[in-house]
Amino acid sequence: MGAIQIEHYLMLSAVLFTLGVLGVLLRRNAILVFMSVELMLNAANLALVAFARHWGQSDGHVFVFFVVTVAAAEVAVGLALLVTIFRTRQSINIDELRMMEG
Amino acid sequence: MVTFLDWAPLVILFPLLGFIANLFGGARLGRRYAGWLATGAAALAFVVSLLLLVALRENGYQAHLQDFPLLGHWFDIPTANLRIGWQLRVDTLSVTMMLVVTGVGSLIHLYAIGYMTGDSAFVRFFAYLNLFLVFMLVLVSANNFLMMFVGWEGVGLCSYLLIGFWWDQRGGEGWRNSNAARKAFIVNRVGDFGLLMAMFLIFWQFGTLDFYAPTEVANVAWASGATHHSADDHATDDGHAADANEDEHEAADDHTDSPASDAHGESGAPAVHTTNEHLATHERGVFGQAEALIAGELPVRAFAGVRLSAEGLVTLITLFLLLGAIGKSAQIPLFVWLPDAMAGPTPVSALIHAATMVTAGVYMMVRADVLFYEAAVTSFVVAIIGAATALTAGFIALGQWDIKRVLAYSTISQLGFMVAAVGVGAYVAAMFHLVTHAFFKALLFLGSGSVIHGVEHGHHHVHDAHGVHEGESTSHHEDGFDPQDMRNMGGLAARMPLTYLTYLIGTLALAGVFPLAGFWSKDEILADAWRLGIEKAELSGYLTLGLLLAAAAMTAFYMWRQVELVFHGRARSEAAAAAPESAYTMTVPLLILAVASVLGGMLNAPHGVLGLDRLFGAHSLTNFLEATVRHAHAGSFVFWLAALALGLAVLAILSARSIYGQGRGVSETGEDALQANGNLISWFWQLANRRLFWDEFYECVFLRPYQALARFFAQTIDWDFWHNYVHDDVLRAGFNAAGGFLARPVDMGLVDGAVNGVARLIQSLSARLRRTQSGYVRAYALALFLGTLLIVILMLLPLAGSGG
Amino acid sequence: MTDLHFWLFLLVGGSAVAAAVGMLLLRNAVYSALCLIYIMGALALLFLMLDAPFLALVQVAVYAGAVMVLFLFVMMLLGNQAISAGEREIRGLPIIASIAATLFILVAGLAIQSGDVDSRAPPPSPPQLRVAQYLPAEAAAEGVELWIGGIETAADFGYGSVSAFTTLPAGQHTISLVAADGSRLYEGDVTLAAGESASWLIYAGEGGAPQATRITEDGSHVSLRESRVALVNLSDRPLAVYDTGSDRELDPARDPLWAAELAPGGASEKRLTERGSVDLAFVDLATGETMLRTPVLELAGGQSTLLVAAADATGRTVLHDHPAETADAFGSPAAVGHSLFRRYLLPFEMIGVLLLAALVGGIIVAQGQRREVRRRDVRRRVARTLAAAIEAQVADPAVGSAAGETTGAAQLPPSAGVADGD
């Protein structure tokens, strides 16, 4: 019940991040995996903003800006790839995308 | 001025060429030519020897040293002061020997052509014969001890090769022959040890092995003209007195005009020295320095801290030399090889073991007369050994059945005469007897060969009626017939007249019957022995004389026994009845040698006996040898002693005739006439027949322990211990065990295991690791996450520690 | 406020976590996407709470608005049934993942709790200094050089000039004024600590000797409606400052007093006023005489101004105002923009290139394999024989040439005829 300290935000960020990791590891749907990655990025953004606020520096905001941009670009390309793969394999089960086996 | 003396190397070269030609080209030459080639080589050597004789005569009997062409020095080490060269010494003594060797040698070569026809190894035989001549001539023409030793060993080698010539005979005969060859070689070796020790001592003391330095005079007294035994010199006793004067005159350095010195001084040739004054003591040869040593001018060198007196050193040297002579010349106690050496072909026995090789010891002692003359103790020993040998061998000879064995023991006996002569200081007498003995002993051996040949022929003629197996060893036949056994002979006088005649001459010459050669030479020895006893009152003289007389009687006895058994009476076997006379190649040498045996005595005819000296010249040999032999003296003729000896010989012959004559020699049971009595004489005869058990004694005392020791070393130590245990069990098994250990547990187990294990480990690891490459992205992501977690933890750990 | 904040935080954060869990567990991918959208919205709220309004908007606009839409579009493209349901899991993965995640949270929690965030404060920015000179002397009129720390900072630093803020390393620095003829007009040392921002005013003090006053500047954010002002008295007598308002009469009783007593060489506290024009009166405390009037002094919003009363060459008291920029509002677009275009220009440009590459790449990848279009003459097409037409229909280049030989359409023997173009 005290003032919100930065630790709370960081904890929240950690929890969200972990959930994102779990999503990456546990879900088989490739789209879901992407989304979990997005969640991880968002959690990192939260931590960055929290720190920026804590120290009064807006460098953290800039970093977040970049992260968002890169994430967007990554999602675009990644989903495009996914679509292409789906076209050939008719499946987006990442367990079936095992070309790197062995 | 080139004289025949420069041709001296040819005397060695011709037989050497013959040897090489027969060795390499003999097979192609064929038997016919090989034999004649060898004989030709020997004859050429004889011709060269004659030329050398002529040249020496012209040279005034001065010694000539000739370097061997193409060969320089054998040893030439200036820092060690060691210079030993290949120098030929052409002087009267060596030329004497050369003539005997090559003359008798070529006759025997001729004989051997006939004797060895049909033998499969014909060519090899003549190669070996020529090789023997080479070595023998090296021996007699050497100017230093080492070169003489080369010849010494070389003739020993050839003796070995030739005794064991039929080493490949079947039925154990080959073993018998090779055993005999080995025995000869090894027994000779014992003697050679003595010669080597003498050489070491000589070199130690005198610093050189040369007999004489190039310009050295061997016999100063003779060179300076103090002694000449010319026709007008009534010198029998005076000769000896003159000898005594010589010794005094020598010290006074008396230069008299001698014809020798005159002749050369005028003609512009290099000045002939009559003394050795121009040479410092250390520049002289062995004998020159020895004289100085004896005269006290040369100090004795200490050997290993021991300094002997001059006489002691000389005695030691001469004792060692004597040992060498004992070995080579078959004296007691090293004579046992000579009878066994009869296993070789008869020409070999004739040449080597009668005429030449065995006389090398005598020659060597005569060469070293300077030393022997001064060593009284040694001379005594020499005389006793010689006389004892003469008697012992003579005794054994009368109990032998084998025709060649009788002659072998006879040879030993006669060698004993020569050695005894050296012992009593009669150097010329020894050489004289050497020469005459060569004649008649070679004659006897060749004759026996002819007899054996004939009996063989007869045997084959009677029994086989197919091709005659000529030339093979005749001692063993499948049916046990021994053609050398005198019991199978008899009555051959009629069948082989020429052989009989020449054999008779040889026998009488050997027995010392007047006027044949042996009479004169034997008598000279006896006279000198008597002289030594009478005039110098030495015990050795009397002793020697007695023993030698007994031996002479024995000689006559057993030789006549042999004649009776072989030629007289009736043939005791069919073979003997059918024996033919031998071919002319065999009989011609017999005739020649017979003539030599008759006339040989005139080589050294004593002065004033029957006027023979006017016909043949008195003391020719003595004069001849005097130039070289320092202590040569003219032998005297003691009439009563000669008569005594002759009488003893005649008595012996007559008694032999009575015992063995008319075919009584052998009883029906094959026993000897003397054997049959059953009394003391029979016992003695048995003893003689068993050769005094000498070989058995040696076998017992020396051979058996030695062989046991050798067997022990060979079997137990070498074979059982070293080979089986150390080598096989320890080394090989150990090595194999170690190798096996290294190979199996270590290499295959550890190393391979490690290597393979590593491979297997990697394979299993990789198999396990491969499973991580599942291709599942999620698994990779998990791995990433785990890694990140780990890194985070590691990063935060230090902070956790400090920050709390 | 804290309470509200706290509960708000709890609500928003908790719902975000719940949504994340939902995103994980929901089988339907669209539902998961919706959960993620909710999370993004929650995060935007959190950004707002964290004084990052710009980012909150960006979050909503880009993330929730574009990225998630893209996700949904793709889900639409692929169709729901393309999303497969439970098959055999990778052995042990869920367990290990769970354990690892738990471990991670624990470690993170531990780190956050035990970590001393405050002590990890970022290093303070280096100090900044500006110098102004009010020397009435003739020599100080023109052609004066200003030297700070051995570096010539300004030339032609005449009376009333003020230098720009110079970033200097912390420590002691020597400031000197050099006249045109090379004589030292003033020399003094200033010690600066990290994070400080100061103005160094050089004036003529008692007896004409140059003196300097240090004024600490405050560059923190001032809203655009306001202006921060600091008053400096560089005259030789104590002054009081009144805001006379719009009327021009000075009423010491009623006019707001900006500074009660400004000692010579002293400075007032910084005060925030509305932007606009002000009329200030500088009154000599001793005599009550108005030394200086500023009839229309424009105070711009969002600035920090230094108002300096100094004697000029003639002896009159003149007002100089030296505005200084204030920092942007934290989290404002201005702040982010300023950072982007100043400090992070290069990364910004690179991100631009990255976006371009992603754009192009996305197009190409998404375009997929295009069937090889056989460009042909119409003429040729028409001139084809029947056999060639059949072959073109039947043969499948994707399958390979070998297929043509086996089953399928009737094989006509390769006949002479018009060959296919390619």
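The values are calculated or read from the model by the stated rules, or taken from the named source; none is laboratory data. Predicted model only: the values in this text are computed from it and were never measured. Please note: Cβ atoms are built from the backbone with ideal geometry, for glycine as well, and neighbour counts cover all protein chains shown. Surface areas here come from the heavy atoms of the whole protein model, side chains and all, with no ligands, DNA or RNA. Shrake-Rupley method; radii C 1.70, N 1.55, O 1.52, S 1.80 Å.
Overview of values
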read-out: Complete set of residues in segment A:61-102 that are of a type in the set (G, A, S), within 14 Å of chain B (Cβ to nearest Cβ) and part of a helix (DSSP H, G or I); value: A:G78
read-out: Members of segment B:139-155 found to be surrounded by 24 or more Cβ atoms within 10 Å (Cβ to Cβ) and closer than 15 Å to B:I352 by Cβ, listed by number; value: B:L139, B:V140, B:W152, B:V155
read-out: Residue in segment B:301-322 that is among the small types (G, A, S), crowded, with 22+ Cβ neighbours inside 10 Å and part of a helix (DSSP H, G or I) present; value: no
read-out: Helices (runs of 4 or more DSSP H) wholly inside segment C:305-422 containing at least 2 residues that are modelled with pLDDT of 85 or more, at negative phi and not polar (S, T, N, Q); value: C:333-341, C:345-367
read-out: Selection within segment A:1-17 - surrounded by 24 or more Cβ atoms within 10 Å (Cβ to Cβ) and either facing chain C (nearest Cβ under 7 Å) or in contact (Cβ under 8 Å) with a residue 40 or more places away in the chain (or both); value: A:L12, A:L16
read-out: Elements of type helices (runs of 4 or more DSSP H) in segment B:686-793, at least 3 residues being within 14 Å of chain A (Cβ to nearest Cβ); value: B:752-770
read-out: Number of the condition not met by B:I202 [criteria: (1) open to solvent by 10 Å² or more (accessible area, probe 1.4 Å); (2) out of contact with any Gly (no Cβ under 6 Å at 6 or more places or on another chain)]; value: (1)
read-out: Scope segment C:25-48; condition in contact with a Lys or Arg (Cβ under 9 Å, 6 or more places away or on another chain) and more than 7 Å from chain A (Cβ to nearest Cβ); matching residues; value: none
read-out: B:A198 in a loop (DSSP other than H, G, I, E, B) and out of contact with any Pro (no Cβ under 9 Å at 6 or more places or on another chain); value: no
read-out: Some residue of segment C:309-326 being out of contact with any helix residue (DSSP H, G or I) (no Cβ under 7 Å at 6 or more places or on another chain), closer than 30 Å to C:D51 by Cβ and either within 12 Å of another protein chain (Cβ to nearest Cβ) or open to solvent by 40 Å² or more (accessible area, probe 1.4 Å) (or both); value: yes
read-out: Where a residue in segment C:1-24 is more than 9 Å from every other protein chain (Cβ to nearest Cβ) and its partner, wherever it lies, is aromatic (F, W, Y) and open to solvent by 20 Å² or more (accessible area, probe 1.4 Å), with Cβ under 7 Å and at least six apart; value: C:A19/C:Y38
read-out: Failed criterion for B:M364 (all others in (1) open to solvent by 10 Å² or more (accessible area, probe 1.4 Å); (2) modelled with pLDDT of 90 or more; (3) of a type outside the set (F, W, Y) hold); value: (1)
read-out: Residue in segment C:334-355 that is in contact with a helix residue (DSSP H, G or I) (Cβ under 7 Å, 6 or more places away or on another chain), of a type in the set (S, T, Y) and free of Cβ contacts under 8 Å to residues at least 24 places away in the same chain present; value: yes
read-out: Residue within segment B:779-793 that is open to solvent by 80 Å² or more (accessible area, probe 1.4 Å) and closer than 18 Å to C:P94 by Cβ present; value: yes
read-out: Residues of segment B:327-350 satisfying the condition of being open to solvent by less than 10 Å² (accessible area, probe 1.4 Å) and in a helix (DSSP H, G or I); value: B:G327, B:K328, B:W337, B:L338, B:P339, B:A341, B:T346, B:P347, B:V348, B:S349, B:A350
read-out: Where a residue in segment A:27-39 is touching a residue at least 12 places away in the same chain (Cβ under 8 Å) and within 7 Å of chain C (Cβ to nearest Cβ) and its partner, wherever it lies, is of a type in the set (S, T, N, Q) and surrounded by 24 or more Cβ atoms within 10 Å (Cβ to Cβ), with Cβ under 7 Å and at least six apart; value: A:M35/C:S32
read-out: Filter result for B:F165 (under 12 Å from the mean Cα position of the chain (by Cα) and either surrounded by 17 or more Cβ atoms within 10 Å (Cβ to Cβ) or in the same structural domain as B:S349 (by TED's automatic domain parsing) (or both)); value: no
read-out: Which listed residue is under 28 Å from B:V629 (Cα atoms) and in a strand (DSSP E or B), from B:Q66, B:Q62; value: B:Q66
read-out: Residues of segment C:25-46 satisfying the condition of being touching a residue at least 24 places away in the same chain (Cβ under 8 Å) and either open to solvent by 10 Å² or more (accessible area, probe 1.4 Å) or in contact with a Leu (Cβ under 7 Å, 6 or more places away or on another chain) (or both); value: C:R27, C:N28, C:A29, C:V30, C:A33, C:L36, C:I37, C:L43, C:L45, C:L46
read-out: Some residue of segment A:46-60 being among the small types (G, A, S), facing chain C (nearest Cβ under 7 Å) and open to solvent by 40 Å² or more (accessible area, probe 1.4 Å); value: yes
